[in-house]
Amino acid sequence: MRTFLTSLLSWGVLVPAAALCIAPMRHRLRFGMRRTILCALALFAVLLPLTAWLELHFQLPYNALLAPILLLSFGVYHDCLTVHISKSLSVFTLVCSFLSFFSNFANGYDVILNPHSTLDNFSIEAAGFQLALFLSASSLLLLPMAKYGARLIDSFEIRGVWYVTIPVDAIFLGYNLLISPREYETMMVNRVFLFYWLSLVLLLSLLLLLCVLFYNIVDGMMLAAETETRNRVLEMQESQYLKQQHYMEATAEERHNFKQSVRTMRELAEAGDLEALRRYLDAFGASIPSNDVLHICDNRAVNALLNYYAQAAKREGVELNYHVELPERVGASEVDLCGMIGNLLDNAMYACRTLPEGKRWAELNITMPHAGMLCILTSNSFDGTVRRREGRYLSTRHGGIGLASVTATAERYDGEASFRHEGNVFYCDVALLIGKAAPEENSAETAKDG
């Protein structure tokens, strides 16, 4: 017969499980790390004794309480986060799958101690062994989950991929629930006990391997997206730099000949030949190449990018207005900044195409109201048709990657991005805390809406 202490130790494994669930979400906690931990401890201080009492008082099987407890835990867990349910459910299922292996290891240990017992009479020694296993496993997995898991949670926004991981993890979890021995004596038949241990070790190794493969594949996808974004920004900047260089080279000869031109104009003026002087001035003005490279702000990367979109807007009949106040050094990754601005302007330009020329316009305002804060505001005309999914706006291109990328980048800088529309005008408001991005992520860039 299970005692209250045995039951309490059995349910105590929820504490290290919660730590593993929180680790990859360390940048996405709604109430901050300290407050979340205190709330979790307070919840477990009430939940664990209550669950142990219910199990013993009503003589309920352990697994009968497991499902509602997990559902309740997930509900509280998801409410404490600022991520989509695809991410929270993926992490939650993975942690449950991992720890179910160690639960079965403890069951195997109990079989060795009490070969004629049953799972309903799980011993206090096995319960203590199970808790020790959970604590040891959580200690080993905590750092990788906090470092590598957080990178994926913060930067990878393709929900379909996150959803795919859930049934895979559920298969491992289901296997562990099915293989748990009810009558320990059945484990002693032939080589059942040996197969039990081998299957647990092999499948746990397979799950770890799948996690490593998943991280490497997704990391490769993010690096490819980051490289594509860098290349695109560099191409835009190169185009503007070449135009600026061409202008400087073209005007160099004019500047060199300017002295001779002034001398000629002086001679014509002294001779009183105003008609000849007028013709010469007209010819001289026409020979000076026009500079279509605008000086919009002091930051060269952003200035080149904005010049690119200014010319694109002219080609597409979009009235694009800038109000940009940026110093030469902003204090944020130029790839992050240019990627975010590029996504916003891409979305605005594409949305303008839904209207006839003459009604297409877009505005971009970038300011730093005080040191450490950067604000990016955009507005543009469109036909009034919006696309939403689960209350979130989708980009007008490629299923919403652009706006999701802007949001993810803003959150990496402890900022936020909000989107709204009023009639035929769409607004994007972004605020960044410069210098607040996590060090390992400061150079990372989410996929840009291409």
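The values are calculated or read from the model by the stated rules, or taken from the named source; none is laboratory data. What you see is a predicted model, and the numbers here were worked out from it, not measured in a lab. In this analysis, Cβ positions are derived from the backbone assuming ideal geometry, glycine residues included, and neighbour counts consider all displayed protein chains. Surface accessibility is based on the protein's heavy atoms, side chains included, excluding ligands, DNA and RNA. Shrake-Rupley method; radii C 1.70, N 1.55, O 1.52, S 1.80 Å.
Computed from phi, the 3J(HN,Hα) profile of region 42-53 under the Karplus parametrisation 6.51, -1.76, 1.60 (θ = phi - 60°) reads 5, 5, 5, 4, 8, 5, 5, x, 5, 5, 4, 5 Hz, with x in place of Gly and Pro. Whole-Hz Karplus values for region 178-187 come out as 6, 7, 4, x, 7, 10, 4, 5, 5, 6 Hz, taken residue by residue from phi with 6.51 cos²θ - 1.76 cosθ + 1.60 and θ = phi - 60°; glycine and proline positions read x.
Using the alpha carbons alone, the radius of gyration of region 152-237 stands to its Kirkwood radius in an Rg to Rh ratio of 1.27. Of P144, L178, W197, which is farthest along the charge dipole of region 134-207 in the positive direction, counting Lys and Arg as +1 and Asp and Glu as -1 at C-beta? Highest projection toward the positive end goes to P144. Stokes-Einstein diffusion of region 57-145 at 10 °C, 1.306 mPa s viscosity, Kirkwood radius from Cα pairs, rounded to a whole number: 107 µm²/s.
I need the trypsin sites (Lys or Arg not before Pro) found in region 304-354, filtered to DSSP loop residues with at most 10 other beta carbons within 10 Å of theirs.
Values: sites: K314, R315, R329, R353; in loops: R329, R353.
Passing both the DSSP loop test and the Cβ count: R329.
Among residues other than R329 whose Cβ falls under 12 Å from its Cβ, what is the net charge (Lys/Arg +1, Asp/Glu -1)? Result for the neighbourhood of R329: -2.
When W361, W53 are compared by accessible surface with a 1.4 Å probe, the order from highest to lowest is W53, W361.
Our analysis of region 1-137 gives Rg over Rh at 0.99, with the two radii drawn from alpha carbon positions and Rh computed by the Kirkwood formula.
Compute for region 18-80: radius of gyration divided by Kirkwood radius, i.e. Rg/Rh, restricted to C-alpha atoms, rounded to two decimals.
Working: Rg = 13.4 Å, Rh = 12.8 Å.
Across region 18-80, the Cα-based Rg/Rh ratio is 1.04.
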